[in-house]
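*Asks:* Pasting in a structure now, in structure tokens, and then I'll have a few things to ask.
A short reminder: the numbers here are calculations on the coordinates, not readings from a lab. Remember, predicted model here, so these are calculated numbers, not experimental data. All Cβ positions, glycine included, derive from the backbone under ideal geometry; neighbour counts span all protein chains shown.
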Amino acid sequence: MAQPFQTKPRRSPPPHLSREMGKLLAALASKSGAMDPRLAADWHEIAGSEIARLCRPVRLKAAGRARSLEVAVANGAAAMQLQYRQAELIDRVNRVLGKGTVTRLLIRQTGAAGAKAQKGPSYSRPVMPPQDKTVPLAPPSQGLQDALLRMRGLIEARQNDPDQDTGQGKH
């Protein structure tokens with residue numbers, strides 16, 4: 001009689017990647033000053049609708065025992081309004097991340113793109129309307145056209161004349 005075929009015992013499943021990566025990413029985030037994912041994901045609820053329209057969180061910076069939250073705003077008006085409400089924002093963030101997590105607020109004016117050009121009051125959007133690039137330019141004046149034609153003629157003459165000194169001199 002033939003003996004039954006023997007196989008290796010079943011392997012245990014690999015460890016859950018989320019458990020291991022969570023620990024590694026948390027350590028890396030604390031070293032690099034990256035922002036807490038909860039802060040980015042729940043910014044609208046944490047900051048409140050009015051403040052969330054003014055800014056977005058960029059990163060947490062640690063300097064000694066102080067930790068600063070850096071936020072990006074679209075313009076000076078939004079920065080000024082946020083400066084007046086910074087104590088409120090710090091308190092709201094600390095309620096979520098833990099008491100004393102953020103001690104200062106750093107406000108960076110990055111323009112509308114940096115603050116994601118969010119919908120909201122006019123102080124959070126660019127002041128200048130986008131320019132229409134289909135507007136034709138005015139024709140150059142006759143004096144400018146004459147000067148450009150003279151310059152073009154001199155350049156072409158220099159390119160066509162091999163004996164012309166190019167300023168590179170022979171040594």
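*Asks:* Counting only residues 5 or more places away or on other chains, whose amide H sits under 5 Å from the amide H of residue 59 once H atoms are built in the peptide plane?
*Replies:* Residues meeting the amide H criterion: 70.
*Asks:* Ignoring solvent entirely, what values of log10 I(q)/I(0) come out of the Debye formula for region 42-113 at 0.14, 0.25 Å⁻¹ when each Cα is a single scatterer?
*Replies:* For region 42-113 at q = 0.14, 0.25 Å⁻¹, log10 I(q)/I(0) is -0.38, -1.18.
*Asks:* Any idea how far apart residue 101 and residue 62 come out in nm if each label point goes 7 Å out from Cα toward Cβ?
*Replies:* Result: 1.4 nm between the two label points.
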